[in-house]
Amino acid sequence: MKNLIYTALFSSLLLFSSCNEDEVPATMAVDISLDHIISGQPLELNGKSFTLPSGESFTPKKFKYYISNVKLTNSKTGEIYVESDSYHLISEDGNKSIDLGMIPTSNYDQITFSIGVDEIANGKTDQTGDLDPNSDMAWNWNTGYKFLILEGEFTNAKTEERQGLVMHIGTNANYKTITQSVNGLKAGKATTISLVTNLDELFVDPNSLLLSELESTTIMFGEMADKVAENYSEGFITIK
Amino acid sequence: MRFQFPAWLGLVCVCGFVSCDKIDEAPKSGPNLISLDAPDYFPGNVAMPADNLLTEEGVRLGRMLFYEKKLSSDGTVSCASCHQQQKAFTDGNKFSFGVNDAIGDKNAMSLSNLHWQNRFFWDGRETTLESQAIQPIEDKREMNLPIEEAVARLKADATYPSLFENAFGTEEITPKLIGKALAQFQRTLISANSKFDAWIRNEVELSPEEELGLELFFTHPDPKLQLRGGNCGDCHLGFLTAGDPNGFTGFHNNGLDTEENLPLGLMKVTGNSFDRGKFKAPGLRNIELTAPYMHDGRFQTLEEVLDHYNDHIQISSTLDVLILEASNEIPENSETVKLHLSENEKKAIIAFLKTLTDQQFITNPKFSDPFK
């Protein structure tokens, strides 16, 4: 159940609407869609292999992540919409959209959101909805949530053996906030904001990962996990 | 502070109920809607199928059908023959026996908390409890009764037509309605009164050994960080300790067989060779009572199960990456997959697994044979 409250500055809008013939509706429907791509193609989890930026072949099996604390800003007027209770579990074989519902009208030109869940939500697992600890996103009862899961397999270039890649990234330091400019959000008009999540970006920029060279292909905590988080903090999710 | 749910959650539940009641108030004479008696820490986002809402009368009928031997060709076998309450709805056999001592090729699955599952049978070939329920009646190795014959027998019975009338508003008995009634009863088979549940509700403490077992159960090991784990919770998720209910994500090849001996498993359903040797990760509630283990009942004890995961994983092309990648020691070579748990750690995991035993579930009179 989504429980929306609005935090926005309306004064200018109210002035406008009172002296305008074509009244702009007070609210507008906005949703967000996410496309998952890897190696320039739509992600598939059914055994298809893709080429990573390193040139290595990789077969993804599971891909899930949290998007939280979604905010829209009109940088010209300073109006801000903040989604309350804003935690969304996005997964390739589950939900790939976020419905903000009817939100206060404005010509929003920026979207801000975070990958992962914030420190407060990450400190407890007694939550419901997308934070329900019955999914495999809760680590255990003390460690909080995995922010991003990517699992798959590849053939190690050196040993020529089949190896698994287990990326489970979490911990508060790896909660990353992203702001992007958006075009086309017109006051009063229903809009879908289309985002693209590019899995290639987990493996490069600024930290290049060569799977066959990894000391361990279980990346959960520690330095490697932080490096992956640094990679997803920019260029991973962008406006289509 | 284990899982104190916020107070507003209660309100949400109440609101949910109120709105349901409103919708279904209209046909006053119809069956009485009931809701599942599930704890608030089970997933809350699974709706009842709109075309098979849970009713008192539907559950009552389903329970009778579950224990009805007329639904087998020679009148000797019911659903409950292979799904016995005192064994958490399993039968203790490697493979189950049907009529004429016919023998199947899979281990009878335990029935509990099924409302939160999405795929049924070890190979996931059915998507609903309603459609699943018909198959064992018709299967030659199980109850061996053509479904039309089952319908005819129930129609000819003195009591069933009125029970169907009460449950579904029609005396017309159909295979679909048989499936619906059986599904309703099976949804009520909720196991949520184990020691683990009492611990979740903050009513008891676990012993240090059980607590260690719980930690290990839910941890994927990482030897670099000296993080020790039994790697169980990667596939047996959350409070239900059951497989992932999204798509086929809850199906895994858990290293039972070598490439040459890999059975079809999920591939039988998807046709994708990537799914060869994958089977449903079952919920582990009452696992102490449901031996033997695995889809083919090859392991007699939990000790054997733990030994399998620790030392005897067979490598194949579809072995789950979460098993392939899991070890408590940095592997010396990649030719073998070993978890490297200590004897005490294996014991602790088994001690935790035994906290999943629910005495109330296996003695609940609501789930027992109504003909006795």
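At a glance:
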| quantity | calculated |
| --- | --- |
| q = 0.16 Å⁻¹, region A:130-173: log10 I(q)/I(0) [Debye, one scatterer per Cα] | -0.54 |
| As computed over the protein assembly as shown, the Cα convex hull volume per residue (Å³) | 171 |
| Whether region A:37-99 is rounded, prolate or oblate, judged on the alpha carbon gyration tensor where a/c under 1.5 counts as rounded | prolate |
| Number of partner chain Cβ atoms within 10 Å, mean per residue of B:222-232 | 3 |
| Count of lysine pairs in region B:195-356 with Cα separation under 13 Å (8 or more residues apart, or interchain) | 4 |
| Kirkwood hydrodynamic radius of chain A, from inverse mean 1/r over distinct Cα pairs, in Å | 19.2 |
| Most positive-pole-ward Cα, B:Trp199, B:Ala167, B:Asn93, against dipole of region B:58-210 from beta carbon charges | B:Ala167 |
| For region B:195-356, size of Cβ-based charge dipole, Lys and Arg +1, Asp and Glu -1, in debye | 520 |
| For B:244-252, mean number of other protein chain Cβ atoms within 10 Å | 4 |
| Mean residue ellipticity (222 nm) of chain A, computed from DSSP H runs ≥ 4 via -39,500 (n - 2.57), nearest 500 | -2500 deg cm²/dmol |
| Signed unit charges on C-beta, dipole axis of region B:195-356, positive-most listed residue B:Ser317, B:Ser327, B:Gly271 | B:Gly271 |
| Distant alpha-carbon pairs in region B:207-357 (separation over 19 angstrom), percent | 52 |
| Shielding by partners - mean other protein chain Cβ count within 10 Å, residues of B:271-280 | 1 |
| Convex hull volume of chain B per residue (C-alpha atoms, cubic angstrom) | 145 |
| Computed helical MRE - 222 nm, chain B, DSSP H runs ≥ 4 contributing -39500 (n - 2.57), nearest 500 | -9000 deg cm²/dmol |
| Assigned charges on the beta-carbon of Lys, Arg, Asp, Glu; chain B dipole about Cα centre (debye) | 760 |
| Segment B:Asn45-B:Ser342, length gained on full extension (0.36 nm per residue, minus Cα span) | 103.1 nm |
| Anisotropy class of region B:88-245 from Cα gyration tensor, a/c 1.5 cut | prolate |
| For chain A, with +1 on Lys and Arg beta carbons and -1 on Asp and Glu, the positive-most of A:Thr155, A:Ser49, A:Gly188 along the dipole | A:Gly188 |
| Dipole magnitude of chain A about its Cα centre (Cβ charges: Lys, Arg +1; Asp, Glu -1), debye to nearest 20 | 240 |
| Efficiency of FRET from Cβ geometry, A:Lys124 and B:Lys69, R₀ 51 Å, rounded to 0.05 | 0.55 |
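The numbers here are math on the coordinates, done by the rules we state, and not lab data. These numbers come from a predicted model, not from an experiment. When we count neighbours, we look across all protein chains shown, and the Cβ atoms used for this are built from the backbone with ideal geometry, even at glycine.
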